[in-house]
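Notes follow once the structure below has been shown.
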Amino acid sequence: MTTQRLFFALELPAMLQQQLVQWRADNFAADAGIPVAAANLHLTLAFPGTVNDKTCEQLQQLAARIAQPAFTLDLDDAGHWLRPGIVWLGCQRAPRSLLQLAGLLRAQAARLGCGQSAQPFHPHITLLRHATQGIALPPRGFHWRTRITHFALLSSSFYRGRTRYNVLTRWPLIPATGA
């Protein structure tokens with residue numbers, strides 16, 4: 001039986017990924033940490049972890065039943081978690097739909113025996129890893145806005161020194177009335 005390392009995530013539009021990479025380069029020293037590749041920038045909703053094929057199929061079946069509204073994500077906050085060495089970009093006020101979606105996915109994963117973090121969900125996009133020294137964060141005033149219309153299940157693998165993500169399935173969120 002094969003296994004895969006899985007996570008549910010919000011994918012970012014390619015143009016936004018490139019804008020975030022440029023902003024990161026403009027605001028953080030080259031030695032501040034290891035930058036996450038543009039194509040790998042995402043917002044993790046739930047992390048089922050390493051699962052077998054049967055659990056992967058069950059996760060997909062449960063996720064397909066989710067009926068959550070689309071929402072707008074405002075990226076207007078940044079921080080540095082020193083212990084795990086993560087520099088992140090997030091939102092000062094997370095949309096209710098985002099929190100509900102993450103909560104549903106985490107609960108479904110837990111029901112299938114996939115351990116979930118005891119930490120409260122903090123929606124964020126990891127910009128730098130291994131940032132173990134103090135870092136000066138950019139002054140407030142940055143802001144990106146993007147419409148979130150779907151979520152995805154991705155697999156993660158490490159090959160030839162690089163982390164690669166592969167989208168297994170995408171599910172639409174319910175469009176706003178009149179959209």
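The values are calculated or read from the model by the stated rules, or taken from the named source; none is laboratory data. Since the model is a prediction, treat every value here as computed from it, not as a measurement. When we count neighbours, we look across all protein chains shown, and the Cβ atoms used for this are built from the backbone with ideal geometry, even at glycine. Note: accessible area is taken over every heavy atom of the protein model, side chains too, but ligands, DNA and RNA are not part of it. Shrake-Rupley method; radii C 1.70, N 1.55, O 1.52, S 1.80 Å.
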If the viscosity is 1.002 mPa s and the temperature 20 °C, what Stokes-Einstein diffusion coefficient in µm²/s follows for segment 1-80 when Rh is the Kirkwood radius over Cα pairs? 139 µm²/s
Among the helices of the chain (complete DSSP H runs), which have Cα atoms covering no less than 15 Å along the helix axis and a Kyte-Doolittle mean of at least 0.0? 96-111
P(r) tail fraction, segment 41-134 - alpha-carbon pairs more than 15 Å apart, %: 65 percent
Size of electric dipole in segment 1-126: Cβ of Lys, Arg +1 and of Asp, Glu -1, about Cα centre, debye, nearest 20: 460 debye
Report the accessible area of H124, computed with a 1.4 Å probe over the heavy atoms of all protein chains in place, in Å² rounded to the nearest 10. 50 Å²
To check you understand DSSP bridge types, tell me what percent of the beta bridges within segment 36-179 (both residues inside) are antiparallel, rounded to 5. 95 percent
Accessible area of segment 84-179 belonging to carbon and sulfur atoms, whole % at 1.4 Å probe: 51 percent
Summarise the accessible area of segment 25-73 (1.4 Å probe, protein heavy atoms) by the percent that is carbon and sulfur. 50 percent
Given the DSSP H assignment, sum -39500 (n - 2.57) over each helix run of at least 4 residues in the chain and divide by its residue total; what's the result at 222 nm in deg cm²/dmol, nearest 500? -7500 deg cm²/dmol
Radius, Kirkwood style, for segment 79-169 when every pair of distinct Cα atoms is counted (Å): 15.8 Å
Enter the accessible area per residue of segment 1-72 (Å², integer; probe 1.4 Å; all protein chains in place). 51 Å²
Which of the listed residues, G90, A39, T50, is farthest toward the dipole's positive end in segment 26-94, when Lys, Arg count +1 and Asp, Glu count -1 at the beta-carbon? T50
Note down the accessible area of E11, probe 1.4 Å, to the nearest 10 Å². 40 Å²
If every alpha-carbon in the chain counts as one equal scatterer, what log10 I(q)/I(0) does Debye give at q = 0.18, 0.19 1/Å? -1.29, -1.40
Amide H proximity to L128 below 5 Å, modelled H, separation 5+ or other chain, gives V36, V87
Relative contact order of the chain, pairs being alpha-carbon contacts under 8 Å that are 6 or more residues apart, as %: 32 percent
Two decimals, Cα atoms only, Kirkwood Rh: what is Rg/Rh over segment 35-80? 1.06
